Amino acid sequence: KQEVTQIPAALSVPEGENLVLNCSFTDSAIYNLQWFRQDPGKGLTSLLLIQSSQREQTSGRLNASLDKSSGRSTLYIAASQPGDSATYLCAVRGGSGNTGKLIFGQGTTLQVKP
Amino acid sequence: GAGVSQSPRYKVAKRGQDVALRCDPISGHVSLFWYQQALGQGPEFLTYFQNEAQLDKSGLPSDRFFAERPEGSVSTLKIQRTQQEDSAVYLCASSPDRAYSNQPQHFGDGTRLSIL
């Protein structure tokens, strides 16, 4: 059974700092991995999607990497801003025998202080 | 519409009542997913539709939970005889292609269900 773990559960940093969020998964047979952002009381906003054949994806100040063999992904946020404060979730979409459901980690709650 | 729309945004019900939650996916999206998110946790899969066909309902926690998408667009999640442990945020997501796709899932803002 696929399990997804995110470390740390919470993180507080001063504005301007670069930071890394970690995600690990137990079954390397994934189809893709997606990073989301969730603001309080809101749904999930997709940030980056990495296909199983890819190593990384970049969007603006965000960079996500994927090491399928070791079951790890990282989300790198450069020059953090107070507006980056939110909960970040990673999710994997399984391989064969799976109807495309996402399996989520518990999230990392990020606070960026001005 | 521009995004996935869910209604109501908030629902309070007494234990034992039935509730119905609605999801309007992005127009033309083939795939529709329901997830349940408990406080402080990541979402957990409930069920999946490809057009009107319910292809996976392995995540539904009990036979009190029922979902349908009769015309392949709007979906309804129904919970019968609600219990306190049903209190959670129910999220709906859609994507343009079938399950095995590298298209991202687009989420609605969810329905926050509170059972008293």
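Remark: the protein assembly as shown carries 48 Å² of accessible area per residue (probe radius 1.4 Å; ligands, DNA and RNA excluded).
Ignoring lysines fewer than eight residues from B:Lys14 along the same chain, the ones with Cα atoms less than 23 angstrom from its Cα are B:Lys78. Eigen-decomposition of the gyration tensor built on the alpha-carbon atoms of the protein assembly as shown gives equivalent ellipsoid semi-axes of 29, 21, 16 angstrom, largest listed first.
What the Cα atoms of region B:1-99 give is an Rg and a Dmax of 13.0, 38 Å. Note on A:13-26: average number of Cβ atoms from other chains within 10 Å of each residue's Cβ is 0. Checking the cross-link filter: which lysines have an alpha carbon closer than 29 Å to that of A:Lys68, excluding same-chain neighbours under 8 positions apart? Excluding near neighbours in sequence, the set is A:Lys1, A:Lys101, B:Lys57.
Summed for both chains, how many Å² of accessible area, to the nearest 100, are buried between B and A with a 1.4 Å probe?
On the way: alone 6650 and 6280 Å², together 10940 Å².
Adding both sides of the contact gives about 2000 Å².
Qualifying GluC sites (Glu not before Pro) in region A:1-95, where qualification requires a DSSP coil assignment and no more than 15 other C-beta atoms within 10 Å, comprise A:Glu3, A:Glu15, A:Glu17. Backbone geometry of region A:25-30 corresponds, through the Karplus equation with coefficients 6.51, -1.76 and 1.60 at θ = phi - 60°, to 3J(HN,Hα) couplings of 9, 8, 10, 6, 7, 9 Hz, x marking Gly and Pro.
Between B:Gln41 and B:Glu71, how high is the FRET efficiency from 1/(1 + (r/R0)^6) when r is the Cβ-Cβ distance and R₀ = 41 Å? Nearest 0.05. Spell out each step's value before the answer.
On the way: r = 32 Å, r/R0 = 0.79.
In this case the efficiency is close to 0.80.
Karplus-derived 3J(HN,Hα) values for region B:26-36, using 6.51 cos²θ - 1.76 cosθ + 1.60 with θ = phi - 60°, are 5, 4, x, 6, 7, 9, 9, 10, 10, 10, 10 Hz; glycine and proline are entered as x. Placing pseudo-labels 7 Å out from each Cα toward the beta carbon at B:Gln17 and A:Ala9 gives an inter-label distance of 3.3 nm.
If I compute solvent accessible area with a 1.4 Å probe over the protein chains, what percent of it on chain B is carbon and sulfur? Carbon with sulfur: 45 percent of the solvent-accessible area.
How high is the FRET efficiency between A:Ser69 and A:Glu17 when r is their beta carbon distance and R₀ equals 22 Å, given to the nearest 0.05? The calculated FRET efficiency here is 0.15.
The values are calculated or read from the model by the stated rules, or taken from the named source; none is laboratory data. Just so it is clear, the structure is predicted and the values come from calculations on it, not from any experiment. Every residue, glycine as well, gets a Cβ built from its backbone with ideal geometry; the counts of neighbours run over all protein chains shown. Just so you know, the surface numbers come from the protein's heavy atoms only, side chains and all, with ligands and any DNA or RNA stripped out. Shrake-Rupley method; radii C 1.70, N 1.55, O 1.52, S 1.80 Å.
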